[in-house]
Amino acid sequence: MPQKYGLLKIGDCILANNNSRIPEQDLRKIYKAIQYNFFFITKKWKERFDVEEIKFYC
């Protein structure tokens, strides 16, 4: 089961669950990769869905 992360407006992310029981060390690496690529991820999201702004939950 894939892990689900939520992006936050402040450039951070949160893990929704760890049902796959990925080790904490690996989760930290994934978390950092998402943080470091936040602007790239949001840019691609805007391009893919042809929107000017992204609405964040938090």
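The values are calculated or read from the model by the stated rules, or taken from the named source; none is laboratory data. All of these numbers come straight from a predicted model, not from anything done at the bench. Here the Cβ positions follow ideal geometry from the backbone for every residue, glycine too, while neighbour counts run over all protein chains shown.
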Checklist entry - Within segment 46-58, can you find the residues that are modelled with pLDDT under 95 and assigned to a helix (DSSP H, G or I)? => result none
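Just name the residue that is nearest to Ile10 (Cα to Cα) out of those in segment 40-57 that are of a type in the set (A, V, I, L, M, F, W, C) and without any contact (Cβ under 8 Å) to a residue 12 or more places away in the chain. If you could, list the steps in order and put the result at the bottom.
Step one: of segment 40-57, the residues of a type in the set (A, V, I, L, M, F, W, C) are 40-41, 45, 49, 51, 54, 56.
Adding the requirement that they be without any contact (Cβ under 8 Å) to a residue 12 or more places away in the chain leaves 40, 45, 49, 51.
Details: Phe40: 14, Trp45: 16, Phe49: 21, Val51: 19 Å.
Residue satisfying both the conditions and the ranking: Phe40.
Is it the case that some residue within segment 21-29 is in contact (Cβ under 8 Å) with a residue 12 or more places away in the chain and exposed (fewer than 10 other Cβ atoms within 10 Å of the Cβ)?
Filtering segment 21-29 for residues in contact (Cβ under 8 Å) with a residue 12 or more places away in the chain gives 22, 27.
If we keep only those that are exposed (fewer than 10 other Cβ atoms within 10 Å of the Cβ) too, we end up with none.
For segment 21-29, residues in contact (Cβ under 8 Å) with a residue 12 or more places away in the chain and exposed (fewer than 10 other Cβ atoms within 10 Å of the Cβ): absent.
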Checklist outcome for this item: Flagged in segment 12-49 as in contact with a strand residue (DSSP E or B) (Cβ under 7 Å, 6 or more places away or on another chain) and small (Gly, Ala, Ser), in numbering order, are Ala16
